[in-house]
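The values are calculated or read from the model by the stated rules, or taken from the named source; none is laboratory data. Note that the structure is a prediction, hence the values are computed from the model and not measured. Positions of Cβ are generated from backbone atoms using ideal geometry, with glycine treated the same way; all protein chains shown enter the neighbour counts. Just so you know, the surface numbers come from the protein's heavy atoms only, side chains and all, with ligands and any DNA or RNA stripped out. Shrake-Rupley method; radii C 1.70, N 1.55, O 1.52, S 1.80 Å.
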Amino acid sequence: MAESEEEDVLVQRVVKDINNAFKRNPNIDEIGLILCPEARYNRSPIVLVENKLGVESWCVKFLLPYVHNKLLLYRQRKQWLDREALGDITCTLLLLNSDFTTAWNVRKELLQCGALNPERDLYLGKLALTKFPKSPETWIHRRWVLQQVLRECSSPSSDRKKQGDSDLRDAAERTQLSERLHRVLHDEMKVCADAASRYPSNYNAWSHRIWVLQNMAQGNLKVLHDELSSLREWVSMHVSDHSGFHYRQFLLKALVRELSQSMHHHHAPRPSLGISSPRSPSPDPQPGHPHHQGNGEATAAAPCPSPATPEDQSSVPAVPQLFHQEMELCTDLIQSFPGHETLWCHRRHVFYLWHHWRRDHDHHDGQDCGNESPQLNHTDAGLNSHPHTASPRGVGLDRVESRNGQAQEGQNTMEVDGVGVLDPRETKRLKRGPPDPCPPALPSEHGFIASILDGCRSPEQGCFALAYRKWLDSVIGQ
């Protein structure tokens, strides 16, 4: 009995030390276990060095059962704990075992009654993910907390109408809410990136990242394009991470969808991409009303959806340029890192998206689309004709290679500021600059495969190239 009382006193002291460590340093960014089979010194097992919190492993066998039993007794209403004690117990328990659902549910109750701050609870989840980066319960709880943040940012609108506040105060409050959402969104992207780096092919982290963009940055071209650009370096360093490339495919599909919607806002149907993104919300959710995703989880729509502004559209490349840049990235990675199936699967997916977008774009707009969108003139010819007859910026090239190897003169006259350029010397002068990128095409893909097979030294690379050629012929070349 005395030994048990000593253990309880020891564990209570450790729980206090953990909470005091957070009070002394609110910027702790990582937790971990320090391998120490037994207590060697008469000191606290909690070690705080700079922004890193360590727990000596010898105390875990006493600490974890203690906080676990405390919480279960509270849930069974056999022992009373005040709100502060509940926060401390659940914090310690989740840092040691982040998949304990009961502890997260208790913190949900504390959040709903106002005893906890949503940002602080997101901070606890961030620390838990440094030790358990794939913890599904932690990611689920983060989504629940983010839904509360979205509701808090959307609810004050009705209160302001009742109070009759001035427009100036409304504008200031909207600015504060927008800054809060932007800060939370930025922090979530960092948390997801850190968890993805700690655990390879971390599906839970990448799925959460998709959820965040769908619910907090829906239709925001700048955020989507910034994510696509920032992820370029990451995928170049993780060429076998299927989940990371799947997230990049989601970004590409979302950008193409938004750009197509802005291009065809005068047309009734919107071109589909052939492949529906998983757990994608409805295109036009009602503000302030929750909607349901494919997994049945209710989500709150973003309070202030961000439509595509002219500034955003001007900063984002056109659809053909996006596909060209992505195919160029695939080419560089496949040539630099031979034998990685992930890269070939990503290239197949990108080309499939391009094929469907171009087919649907031609189907909905026909030849008249070139007058409204001069940067997309080259897409009017059809996928299987001569994809290289024009550049994605709408400036026709004078000579192109046809499929039989003969040179063909461009039929469209080059125009600058609306004036036809008929002087051959002037045309030659304009073509001295770097050529505009060409979109993906079936002949160019066959040429790429041939170049890979000619200099192939990896048997896996050769197998992937042949499989890609077979896929092109059977799916695209029909």
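Exposure check, 1.4 Å probe, all protein chains in place: Val191 carries approximately 10 Å² of accessible surface. Amide H to amide H distances under 5 Å link Glu30 with Leu53, where only residues 5 or more positions off or on other chains count and H is placed in the peptide plane. The mean accessible area for residues of segment 1-97, using a 1.4 Å probe and ignoring ligands and nucleic acids, is 64 Å² per residue.
Size descriptors for segment 1-97, from the alpha-carbon set: Rg then Dmax equal 13.6, 40 Å. The fraction of accessible area contributed by carbon and sulfur in segment 1-97 is 50 percent, rounded to a whole number (1.4 Å probe; ligands and nucleic acids excluded). Packing, as the average of other Cβ atoms within 10 Å across residues, places the peptides 199-211, 97-109, 168-180, 50-62 in the order 199-211, 97-109, 50-62, 168-180, highest first. Using the Stokes-Einstein relation with a Kirkwood hydrodynamic radius computed over Cα pairs, the translational diffusion coefficient of segment 77-229 at 37 °C and a viscosity of 0.692 mPa s comes to 193 µm²/s. Sorted largest first by accessible area at a 1.4 angstrom probe radius, with every protein chain in place, the residues Arg457, Arg198 fall in the order Arg457, Arg198.
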